[in-house]
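Here's the structure we're looking at; comments come further down.
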There are 4 protein chains.
Amino acid sequence: MDKQQLLAAIEQLSDRECKAIERTLTAVQNMKENKYPFLGNFLGVTEETDADSETFVCSMPIGREVLNPYRIVYGGITATLADMAMGWMLEKRISGQDKFVTLDMHTNYHRAGTGKRLIATARVINQAQDIWQMACDVHNDRGDLVVTSTGTFLQLHRSRD
Amino acid sequence: MDKQQLLAAIEQLSDRECKAIERTLTAVQNMKENKYPFLGNFLGVTEETDADSETFVCSMPIGREVLNPYRIVYGGITATLADMAMGWMLEKRISGQDKFVTLDMHTNYHRAGTGKRLIATARVINQAQDIWQMACDVHNDRGDLVVTSTGTFLQLHRSRD
Amino acid sequence: MDKQQLLAAIEQLSDRECKAIERTLTAVQNMKENKYPFLGNFLGVTEETDADSETFVCSMPIGREVLNPYRIVYGGITATLADMAMGWMLEKRISGQDKFVTLDMHTNYHRAGTGKRLIATARVINQAQDIWQMACDVHNDRGDLVVTSTGTFLQLHRSRD
Amino acid sequence: MDKQQLLAAIEQLSDRECKAIERTLTAVQNMKENKYPFLGNFLGVTEETDADSETFVCSMPIGREVLNPYRIVYGGITATLADMAMGWMLEKRISGQDKFVTLDMHTNYHRAGTGKRLIATARVINQAQDIWQMACDVHNDRGDLVVTSTGTFLQLHRSRD
């Protein structure tokens, strides 16, 4: 599909359908500035200022794009937010150079993901050698607990040359 | 942003950036036909014909849109695919009416999500009352095992009137 | 083996070996009084008074009998203590009649189980219909975090006649 | 309690109560020969010959000593058996020198642990660097699936001097 065909097809969309296109456009534009990958930009994941130095908080809006057939946020997307929060915390707080790989993740779903936003609060539970054991709770904007999760991450040391 | 502003902004994008817009457009168009939610259409999740009646297989392409900063598929997205496969299997094979809610999910990450496609193979491990215990393995298109996961689902009976 | 053979064999044991026999004897004697099963009595699991009404605390001594080849408590035993704490809390606090079945349990091991005692602190995370989602942390007597765990329990309603 | 008091107390026990004492005695005697810790000997965990070189099988009898108040095997004990099987497989097959520490374990309970024996079949799912991702299924002697579990183990290299 060339650009003219793309534009012509978008012209046919309803206003509601255009919302998804607009969200993608915004994500693509934001990527240029913040250098983060598409997915986090598309989901609208942003860091929250957090008074507590032991935790790391980020959040995302609940848009139509992430709803499942029951009109609640896909469990996988809520888990993705939690995984991002734990990984982001490690990268930002712990080291500017190293990579962190998720070895496993366990997610308990407590309540349907509904409301305007999901807020993920990550924390380090334990560190031993290169193994980081993390936890992350996700609440909605009304303060309801949506998900509790834990993840085990392996720190990969980048060669420093 | 009105439609003219949207079209003008898209006109400025590079061909590579337009790919994400095109993926969104295709998802929006497919939604009208298949009535599935946006996310599965955006990820390009499709059912695979499966010779084995005990399993359910679906797959998704690995596009730029789902890559993390290390250029591999986000763990959360691979988990989302596995969760979709298990839920889809339950809805399709087990009941045409009932809802299935994920109570918890455990994901073991074995290998980076790379290649052209991810293929998820779900199966029922056990059923007791309204509790379904499922498992799902995800391979890439070269046959490497990327993820093994298990999920516990609660069947919610819809009133039949 | 009849009782005379049993007594004769025990007579041959060293004092240290007799400790395990004594622990078993005490468990068997306690069973008659408290009507709890053998295992909890053998492990010496006892309820702790707990100021916090939101949690339930029980503990067990770290004896030679539960040490693995590395001279630390078997991970499975620490998990057993956590599982007992969560199940005991449900039975005691939530209902005097119903049964609670563990659907799944996830255990993160943070530190070797060493010291004099293990103390398990259970709490309810969420309840929806007959599903109870619990968590339990295990510390040693020096306050070190040994294990964090979560469990999903199904409440089975006993017929009340 | 000195040995005479111990023997006198055991003399008072019923035949059924003596069974637990006898099991302990056997465990203590076996420890001297096989050098394994008490718990595995007490539970009666033994290796099974296994035709399949990709798996490792061990089993234990279901005795009164491991039953919970509902007269089924404690979930924690079944998990202990699975954890032992995975750890034992690693120690025996992979290395004669190194230690393996459980980082986390996930257990799905499918069916009550009943019957005469529990049989645990462990396998390696993946190995990357010092991380071993294992799985273990536990069946009863009638072939029913009781538990599926996965564990993540860290290999600790012993200095070889």
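Ranked highest first by average number of other Cβ atoms within 10 Å, how do B:137-148, A:131-142, D:8-19 line up?
In descending order of packing, they fall as A:131-142, B:137-148, D:8-19.
To the nearest whole number, what is the average tally of beta carbon atoms from other chains within 10 Å of the beta carbons of peptide A:70-80?
6
Treating only the Cβ of Lys, Arg, Asp and Glu as charged (+1, +1, -1, -1), what charge dipole size does segment B:26-161 show about its Cα centre? Round to the nearest 20 debye.
360
What distance in nm lies between label points placed 7 Å from Cα along the C-beta direction at A:Asp141 and B:Arg93?
4.0
Would you work out the Kirkwood radius for segment B:14-74? I mean one over the mean of 1/r across all pairs of different Cα atoms, in Å.
Hydrodynamic radius (Kirkwood, Cα only) of segment B:14-74 equals 13.1 Å.
To the nearest 20 debye, what is the magnitude of the charge dipole of segment D:39-95 about its Cα centre, counting +1 on the Cβ of each Lys and Arg and -1 on the Cβ of each Asp and Glu?
300
Can you find, among D:Tyr70, D:Ala9, D:Thr102, the residue sitting farthest towards the positive end of the charge dipole of chain D, where Lys and Arg contribute +1 and Asp and Glu -1 at Cβ?
D:Ala9
Over its Cα atoms, what ratio of radius of gyration to 2.2 N^0.38 Å does segment D:109-154 give?
Compared with the compact-globule rule of thumb, segment D:109-154 sits at 1.34.
With chain C rotated onto chain A, spot the residue of C whose Cβ lies nearest the axis and note the distance in whole Å.
In residue-and-Å form, the answer is C:His106, 2.
How large is ³J(HN,Hα) for each residue in segment C:106-115, as worked out from phi by the Karplus curve 6.51 cos²θ - 1.76 cosθ + 1.60 (θ = phi - 60°), to whole Hz, x for Gly and Pro?
10, 10, 9, 9, 10, 8, 4, x, 9, x
Give me the one-decimal nm value for the distance between modelled label points at D:Arg117 and A:Ser14, 7 Å along each residue's Cα-to-Cβ direction.
Between D:Arg117 and A:Ser14, the simple spin-label model gives 6.4 nm.
Which number comes out as Rg/Rh for the protein assembly as shown once both Rg and the Kirkwood Rh are worked out on C-alpha atoms?
That ratio is 1.02, to two decimals.
Tell me, what is the Rg over Rh of chain B, with Rh the Kirkwood radius over Cα pairs?
Answer for chain B: 1.03.
Taking the Cα centre as origin and putting +1 on Lys and Arg beta-carbons and -1 on Asp and Glu beta-carbons, what dipole magnitude results for the protein assembly as shown, to the nearest 20 debye?
0
Name the aspartates and glutamates eligible as straight-distance cross-link partners of A:Lys99: C-alpha to C-alpha under 18 Å, and not fewer than 8 places from it in the same chain.
Filter leaves A:Asp83, A:Glu91, A:Asp130, A:Asp161, D:Asp130.
Which distances, in nm and shortest first, link the B:Glu54 label point to the same label point in every other copy, taking 7 Å along Cα→Cβ?
Nearest first, the other copies' label points are 1.4, 4.5, 4.8 nm away.
Could you pull out the chymotrypsin sites (Phe, Trp or Tyr not before Pro) across segment B:1-76 that fall in loop regions by DSSP (anything but H, G, I, E, B) with no more than 15 other Cβ atoms inside 10 Å?
The qualifying sites are B:Tyr70.
Hey, what number do you get for the protein assembly as shown at 222 nm if only DSSP H runs of n ≥ 4 count, each worth -39500 (n - 2.57), divided across all residues, to the nearest 500?
-9500 deg cm²/dmol
Here is the link list: D:Lys35/D:Lys92; B:Lys35/B:Lys92; C:Lys19/D:Lys3; C:Lys116/D:Lys35. Which ones come out longer than 20 Å on Cα distance?
C:Lys116/D:Lys35
Between B:Glu48 and residues 5 or more places away or on another chain, which pairs have amide H atoms under 5 Å apart, with H built 1.01 Å from N, and which residues are they?
Under 5 Å from the amide H of B:Glu48 lie the amide H atoms of B:Val57, B:Cys58, B:Ser59, each far enough along the sequence or on another chain.
Label position 7 Å from Cα toward Cβ: report the copy-to-copy distances for C:Arg142 in nm, one decimal, ordered from shortest.
4.6, 4.7, 4.8
Mind checking the mean number of beta-carbon atoms from other chains within 10 Å of the Cβ atoms in B:53-65?
1
Hey, got the average number of other protein chain Cβ atoms within 10 angstrom for residues in C:140-149?
Counting other chains' Cβ atoms within 10 Å and averaging over C:140-149 gives 2.
Give the distance, in whole Å, between the Cα centre of segment A:52-101 and the Cα centre of segment C:67-84.
Each part's Cα centre sits 33 Å from the other's.
What's the ranking of B:44-52, B:105-113, D:76-84 by average number of surrounding C-beta atoms within 10 Å, highest first?
For the peptides B:44-52, B:105-113, D:76-84, the packing ranking is D:76-84, B:105-113, B:44-52.
Which shape class applies to segment D:23-115: rounded if a/c is under 1.5, otherwise prolate when a/b exceeds b/c and oblate if not, where a ≥ b ≥ c are the square roots of the Cα gyration tensor eigenvalues?
Since a/c reaches 1.5 but b/c is at least a/b, the shape of segment D:23-115 is classed as oblate.
List the distances, in nm to one decimal, from the label point of B:Glu91 to the label points of the same position in every other copy, shortest first, placing each label point 7 Å from Cα along the Cα-to-Cβ direction.
Distances between equivalent label points, in nm: 3.1, 4.0, 4.7.
Computed from the coordinates by the stated procedures, all read-outs in this text should not be read as laboratory data. Here the structure is a predicted model, which means the values were calculated and not measured. Using ideal geometry, Cβ is built from the backbone for each residue, glycine included, and neighbour counts are taken over all protein chains shown.
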